[in-house]
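Colleague: Take a look at the following structure, please.
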Amino acid sequence: MNPPSGIRIEGVTHYFAKPGSKEYTPVLSDVSLEARAGQFLALVGPSGCGKTTLLNMIAGLVQPTHGKVYRGEELATRPDRDVAYMLARAALFPWRTAQKNVELGLELRGAPRQERADTAARLLELTGLKDFAKSYPSHLSQGMRQRVALARTFALKPKFVLMDEPFSALDAQTKLAHQEEFVRIWEQTRTTAVLVTHDLAEAILMADRVVVFSPRPGRIKADLEIQLPRPRDLETLRFDERYRDIHERMWMELKQDVDHA
Ligand SMILES: Nc1ncnc2c1ncn2[C@@H]1O[C@H](COP(=O)(O)OP(=O)(O)OP(=O)(O)O)[C@@H](O)[C@H]1O
Ligand SMILES: [Mg+2]
């Protein structure tokens, strides 16, 4: 397997052109950030502060107006197969079974049949979908479909996993199961992970470190290490003083902006 790589964001400032005018919207302001290889980073901040834009830069889909974004030693100037991107709504192919959906990326890479089947079987087992390998997406719940997408993501052994509010479409209980499941798989792979979320509890439960952004143009307001031991579970964490301190601190950082808006 590929060794993990880190992410380095150097002095990124970004503007988007306003449609139909010569004006520009400042979206990010002098953002510098370094995630070490294998680190799990969460980004939180008010709507419109540029979180998705920053994620798109790491994915190589958007180029910053100023500054640089590196994946490992390489400038992130284009998408790459080392990068997996997970969104809230899992896009599965309806005519392929769960197993065939998990195998898809490997198939595109030309992996041999047996290797594809073995990898898919292992990941379907890890995500609790072993008995649904032959089911089509229309016969799976939204939560199960999201788990198939999760299995498909890790089947490709990416160096980087980028997630934009991946659990926001799920009900509270399913969400919790998914968050814990994702962390379980991530712990086995130690892929460098970046999670964008509005859910503070989710950020603390999952990440090694949480970066809080100001309103647009987004700049870094706080950068907090989450030194809670793993495995973590929310039931226990809620009564942990350290959890409550971090939650409070994040909440205050975000609340200040609402108060001043
Ligand atoms: N392709 C684009 N062209 C022009 N403006 C854009 C484009 N993409 C995003 N924007 C603008 O950039 C700003 C930041 O958008 P972005 O999607 O990065 O915010 P966000 O922090 O992810 O917000 P949310 O939490 O609501 O998802 C917004 O004002 C948005 O309208
Ligand atoms: Mg967004």
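Colleague: Neighbour counts of other C-beta atoms within 10 Å: give me L92, L87, L150 arranged from fewest to most.
Modeller: L87, L92, L150
Colleague: Still on this structure: Tell me, what ³J(HN,Hα) does each residue in region 87-102 have, in order and in whole Hz, if you take phi through Karplus 6.51 cos²θ - 1.76 cosθ + 1.60 with θ = phi - 60° and put x for Gly and Pro?
Modeller: 10, 5, 9, 5, 9, 10, 7, x, 8, 10, 5, 3, 4, 5, 5, 5
Colleague: Pairs of alpha-carbon atoms within less than 8 angstrom and 6+ residues apart define the contacts here; what relative contact order does region 83-157 have, in percent?
Modeller: On the way: 84 pairs, mean separation 36.5, N = 75.
Relative contact order for region 83-157 comes out at 49 percent.
Colleague: Show me, for region 105-112, the HN-Hα J-couplings you get by feeding each phi into the Karplus relation (A = 6.51, B = -1.76, C = 1.60, θ = phi - 60°), rounded to Hz, glycine and proline as x.
Modeller: x, 5, 4, 4, 7, x, 5, x
Colleague: May I pose another question? On full extension of the chain, what length is gained from L87 through Y24, given 0.36 nm per residue of separation minus the C-alpha to C-alpha distance?
Modeller: 20.0 nm
Colleague: Note down the magnitude of the dipole of region 83-157 about its Cα centre, charges +1 on Lys and Arg C-beta and -1 on Asp and Glu C-beta and zero elsewhere, to the nearest 20 debye.
Modeller: Details: 13 positive and 6 negative charges, 26 e Å.
Using Cβ point charges on Lys, Arg, Asp and Glu, region 83-157 gives about 120 debye.
Colleague: Within region 51-91, whose backbone N sits under 17 Å from a point 7 Å along Cα→Cβ of E107?
Modeller: 91
Colleague: With a 10 Å cut-off between alpha carbons and a GNM built on the chain, which of G60, G45, G128 moves the most?
Modeller: For the chain, modelled as a Gaussian network with Cα springs under 10 Å, the answer is G128.
Colleague: Please state the relative contact order of the chain as a whole percent: Cα pairs under 8 Å, 6+ residues apart?
Modeller: On the way: 476 pairs, mean separation 67.1, N = 261.
That works out to 26 percent.
Colleague: Right, here's the next one. Where a ≥ b ≥ c are the square roots of the eigenvalues of the C-alpha gyration tensor, would you call region 70-217 rounded, which needs a/c under 1.5, or, failing that, prolate if a/b is larger than b/c, or oblate? Walk me through the numbers on the way to the answer.
Modeller: Values: a/c = 1.91, a/b = 1.29, b/c = 1.48.
Oblate, because a/c is 1.5 or more while a/b does not exceed b/c.
Colleague: Residue by residue, what Karplus-based ³J(HN,Hα) values in Hz, rounded to whole numbers, does region 159-171 have, using 6.51, -1.76 and 1.60 with θ = phi - 60° and x for Gly and Pro?
Modeller: Along region 159-171, the couplings run 7, 9, 10, 10, 10, 10, 6, x, 10, 5, 8, 9, 6 Hz.
Colleague: Please work out whether region 113-195 counts as rounded, prolate or oblate from its C-alpha gyration tensor, where a ≥ b ≥ c are the square roots of the eigenvalues and a/c under 1.5 means rounded, while otherwise a/b larger than b/c means prolate and anything else oblate?
Modeller: On the way: a/c = 1.85, a/b = 1.06, b/c = 1.75.
It comes out oblate by the Cα gyration axes.
Colleague: Run the numbers for F16 and T77: contour at 0.36 nm per residue of separation, minus the present Cα-Cα distance, in nm. All intermediate terms of the calculation are to be shown ahead of the outcome.
Modeller: Details: separation 61, 0.36 × 61 = 21.96 nm, distance 1.74 nm.
Value of the extension gain: 20.2 nm.
Colleague: Here is a follow-up. Want the number for R122 to R242: 0.36 nm per residue separation, take away the alpha-carbon distance, what's left? Could you put the intermediate results ahead of the total?
Modeller: Details: separation 120, 0.36 × 120 = 43.20 nm, distance 3.54 nm.
Stretched fully, the R122-R242 segment lengthens by 39.7 nm.
Colleague: Let me ask you something else. For helix 113-126, what angle does its Cα long axis make with the longest principal axis of the chain, in degrees from 0 to 90 and rounded to 10?
Modeller: Orientation of helix 113-126: about 60 degrees from the principal axis.
Colleague: So, R0 is 45 Å and r is the distance between the beta-carbons of L61 and Y136; what FRET efficiency does that work out to, to 0.05? Display every interim value, and only then the final one.
Modeller: On the way: r = 30 Å, r/R0 = 0.67.
After rounding, the FRET efficiency stands at 0.90.
Colleague: Does anyone have the angle between helix 241-260 and the longest principal axis of the chain? Alpha-carbon axes, 0 to 90°, nearest 10?
Modeller: Roughly 50 degrees, rounded to the nearest 10.
Colleague: Which value at 222 nm does the chain reach when only helices count, each DSSP H run of 4 or more adding -39,500 (n - 2.57), with the total divided by all residues and rounded to the nearest 500 deg cm²/dmol?
Modeller: Details: 8 runs with 96 residues, N = 261.
The helix contribution divided over the chain gives -11500 deg cm²/dmol.
Colleague: Let me ask something additional. Using amide H atoms built 1.01 Å from N in the peptide plane, name the residues 5+ places from G6, or on other chains, whose amide H lies under 5 Å from its own.
Modeller: Result for G6 returns A37, G72.
Colleague: Using Cα pairs under 8 angstrom and six or more residues apart, how large is the relative contact order of region 120-197, in percent? All intermediate terms of the calculation are to be shown ahead of the outcome.
Modeller: Details: 55 pairs, mean separation 27.2, N = 78.
With pairs under 8 Å counted, the relative contact order is 35 percent.
Colleague: Ignoring GluC sites (Glu not before Pro) that are buried or in helix or strand per DSSP, and keeping those with at most 14 other beta carbon atoms within 10 Å, what is the longest stretch of the chain between them? Can you show the working numbers first?
Modeller: On the way: sites that count: E23, E73.
Formally, the longest exposed-site-free interval is 74-261.
No value in this document is a laboratory result; all are computed from the given coordinates. This structure is a prediction, so every number in the text was calculated from the model and none was measured. Glycine gets a Cβ as well: all are built from the backbone with ideal geometry, and neighbour counts include every protein chain shown.
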